[in-house]
Each structure stands twice: as C-alpha cells, then as structure tokens.
1. Given the options LEU71, LEU34, LEU55, LEU41, name the one that is part of a strand (DSSP E or B), open to solvent by less than 30 Å² (accessible area, probe 1.4 Å) and in contact with a helix residue (DSSP H, G or I) (Cβ under 7 Å, 6 or more places away or on another chain).
2. Hey, can you tell me all the residues within region 327-350 that are crowded, with 19+ Cβ neighbours inside 10 Å and under 25 Å from TRP69 (Cα atoms)?
3. Select from region 197-214 the residues that are more than 17 Å from SER262 (Cβ to Cβ) and hydroxyl-bearing (Ser, Thr, Tyr) and list them in ascending order.
4. Name the single residue that is nearest to ALA225 (Cα to Cα) among those in region 186-196 being open to solvent by 40 Å² or more (accessible area, probe 1.4 Å) and over 32 Å from the mean Cα position of the chain (by Cα).
5. Give me the residue from region 121-150 that is of a type in the set (Gly, Ala, Ser) and in a strand (DSSP E or B) and, out of that set, farthest from ALA162 (Cα to Cα).
6. Taking SER249, is it closer than 30 Å to TRP59 by Cβ, among the polar types (S, T, N, Q) and out of contact with any Asp or Glu (no Cβ under 9 Å at 6 or more places or on another chain)?
7. Does region 84-94 include one or more residues that are part of a helix (DSSP H, G or I), closer than 17 Å to SER383 by Cα and either open to solvent by less than 90 Å² (accessible area, probe 1.4 Å) or modelled with pLDDT of 95 or more (or both)?
8. Which residue, of VAL23, VAL19, is crowded, with 24+ Cβ neighbours inside 10 Å, touching a Gly at 6+ places or on another chain (Cβ under 9 Å) and either of a type outside the set (Val, Ile, Thr) or farther than 21 Å from PRO286 by Cβ (or both)?
Amino acid sequence: MNLTEQYDVIVLGGGTAGVIAAVQAGRAGARTLLVEKAAALGGTTTTGGVNFPGLFHAWGQQVIAGIGWDLVRSCVEESGGTLPDFTHYQQPHHRLQIRVNPHVYSALCNEAVVQSGADMLLHTMVADLREEGGDGWRVDLCAKEGIIRCSSRVVIDATGDANATSIAGLPLQHPEEQQPATLTYRVGGYDPAELDMVRLNSAFDAEVKAGRLSYTDASWNTTGADLGRWLHSRGVQSNHIHHIDARDSAGKTRLELQARKSLLSLYRFLRRQPGLEDLTIEYVAPECGVRETATIRGEATVTVHDYQSGRLWEDAVCYSFYPIDLHVSSGSGLDMEMLTEGVVPTIPRAAMIPKGSRNFLVAGRCISSDRLANSALRVQATSMGTGQGAGALAALAASEGCTPGDVPLDAMRSLLRAHGAIVPPSP
C-alpha cells in the first residue's frame, strides 16, 4: 500500500458504515483512504461485540442489500452458519438479526477494502480538518509516527460520534441525556438449571441496597433484582452503563472505566454465590457499546413522524427498518414501539449532509435525526445502507467536480444498484 497526499475520498472511521463507504468509493474508481482508530475494521460488529447485525428485511422482504449484506452473508457462509427464516417476520425482531463470527467478519472487511483499491490506515485518528478554498479538505491524521497531512475532494464522517463533523466546525445536535451504553461480554462455568434464582436475587437485592451493586449491572431493569436473564444469556447484552457522554476521549475513558468496574463488581459478587464458584469471564468486547452521543444538523432531519409513517423522501438513499428502540435510565430500561405492518422508512441524502457544508458527508448513526427516529435508524443494517450511499455520492462528486448534494439522483441510484443496493424509487 502506497499512501498519497491527494485523495478523492477520505473516510474517517472504519466501522459499520465506514467500511462500506470506502469499499463503494473504491469500487467506483475514486482514490480512497479509510482511516480507523482501532486495530480491526467492523466497529460495533467487531470491537463493540454486537455481532448480530440487522435488520435487512421488513415484513418478510429484503429492503437493505448491497456491500454490507454481501459481507454479512459471506461471513455466515464461511463460518458454517445459517440465516434466519426472514419470511417468519411475526417473531421477535431480534431473532431476525444475523449472527456473524466477528473475527471472520473483520478479516472479510479487510479483504473487501483492499480488493476495492482503497488505501487503509489503522491505529490512526483525525487530528484536524480545514476547507481548501471550497474545492476539498486538508486532512491532518494522527498516526503512530506523528501527523500525516493529506487532502481530499470529499470527506465522509463515519466515526459514529460525529467527531470529524465537530473538528470541521460544522453544526451538531446533542441530546440532554444519552441512552445508556452496554458492555458486551460472555460468561460461563455454571449450569443455570442448578441455580437457586430466588436466593440469588435476594442476595443481589441486598448488595444493591447496600450500595455495592446496581440492578443494571446485570439487567436493563432499574427497579428490582433480575439475575435470571443475565445468567441464562451468559451475560450477553445484559447491562446498562448510565449518564456518560462518550463522544470525546475523556467521556469514552469514563465509560470504559465504569463499564469494567461494573463487570468486575458483579463478577466478584457472583463468584461468592453457591453454584457460581467457577464462573468465568470468557470474552469482553474491546470497547463498550455506545448507543447515542451526537447527531449532525443536516440539510434535512428525519423525525419520528417521518420514520413511523414510512415517508418516501425525494432524495432517498436507502431504506431503514427497526422499531423505535430508546434505552432509558428508568423503569424497565427500554421504550420500544414497533412499526405499523407494511411501513418501511427511508433515509434522505439531505440528512447525511451537514447544514452549510460542502464536500462533506456523514454516514452511520449520527445522521440528522431526532432522538426517537435515531433510536431506530442507528442500527447496523441502516448504517451500512447510509455508508454505501455516502461512498457512491462521494465518488460521483469527485469524478464530476460537484458537491455531493448536487450529484444527480439518477446517477446515485444507478451506481448503488450496480453494486447490489436496494434503492427506494423516486416519489
């Protein structure tokens, strides 16, 4: 790989959306650089430990395909797994998410980026972004050896936290309170059938009342002891870490410290309980999973009404499908509302363009949307769809010498469909 000083497209963030954006831009012939802060690509699916992306299907029909879907399907095939029966859509939506091997998936992401012709830098973050006379961006990258300076016609922010948008001085929206985060891990060394759940819950309740544990160390429920789900699921996706804004390094540090403190405290308590003396921690995700930090102020904003009504935007880039899924720090810990049968929302290009920007796109969970809409469209399949849309728009803008907002919609749709995406029709 030979890095250059001049790119057509630089994608900042190699996670759920960024990988797909870079592959699409590279395949379209754009000179592309993908920048990722971690050691592996894949983001939430890999370093975040949420290795069950969805939802690609709505009401028994596929609505999101393309590069992300191809990677997920290939991962299942290469790992010897099976896909859910998507025609049985009446079952709980989490059963329609797709289990992938995160190690295989990350390697497949590497392969796809390399084969697309894009360059890649791991262990690297954006340090500064400056406009260059309206024709592109100067991009300073913080690598292990120091600052690398390059430029790009179009920048794609796929950081998940809108970090690049903030550095560029473009407008953001910040919720007054963030959704709780979750540290993904897996435990073993016990048989749930042999445990006295009543006794365990009583002991857990006493620890919480003594101030040594929190109910949400082992559940989303804030109101009482419920170790059963945690023990039967082996700890997977069974905790909430509250009231930490993780969009900057200081906040992310507080989150990682609190998440691992929560796990360690729970581990020490459980190992003292009958039947759990041999409990072991088999896996902990490298990063605590973050649901919400900031969103951009876009040229358009997806509202919960837009989402729940299935609004077909004139400039729709992709479909989206997921229930309203707002995690909260009270009550049961989750406010969820299913979509009305037959409704399939869409995501507009204008929600991916920060207000007042030129040659700048955003993909993934921080696109312009209100809190309730964002609680649904933040998920992995939709992020892959916006990532592919951003990659296509960026490549076309670079080749045509226009801004992403001026790319003809027919050209965008044609390029996306050529690479397997399902694109909503024009109204």
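1. That would be LEU34, the only listed residue that is part of a strand (DSSP E or B), open to solvent by less than 30 Å² (accessible area, probe 1.4 Å) and in contact with a helix residue (DSSP H, G or I) (Cβ under 7 Å, 6 or more places away or on another chain).
2. Going residue by residue through region 327-350, those that are crowded, with 19+ Cβ neighbours inside 10 Å are 327, 333, 339, 345-350.
If the condition is that a residue be crowded, with 19+ Cβ neighbours inside 10 Å and under 25 Å from TRP69 (Cα atoms), then LEU339, PRO345, THR346, ILE347, PRO348, ARG349, ALA350 are the ones that fit.
3. SER202
4. The initial filter retains those residues of region 186-196 that are open to solvent by 40 Å² or more (accessible area, probe 1.4 Å), namely 186, 189, 191, 193-194, 196.
From what is left, the residues that are over 32 Å from the mean Cα position of the chain (by Cα) are 191, 193-194, 196.
On the way: ASP191: 20, ALA193: 18, GLU194: 19, ASP196: 14 Å.
Filtering first and then ranking leaves ASP196.
5. GLY146
6. no
7. There is no residue in region 84-94 that is part of a helix (DSSP H, G or I), closer than 17 Å to SER383 by Cα and either open to solvent by less than 90 Å² (accessible area, probe 1.4 Å) or modelled with pLDDT of 95 or more (or both).
8. Checking each option against the conditions leaves just VAL23.
The values are calculated or read from the model by the stated rules, or taken from the named source; none is laboratory data. All values reported here derive from a predicted model rather than from experimental measurement. Positions of Cβ are backbone-derived with ideal geometry, glycine not excepted, and every protein chain shown enters the neighbour counts. Side chains are part of the model used for accessible areas, which takes the heavy atoms of the whole protein and leaves out ligands, DNA and RNA. Shrake-Rupley method; radii C 1.70, N 1.55, O 1.52, S 1.80 Å.
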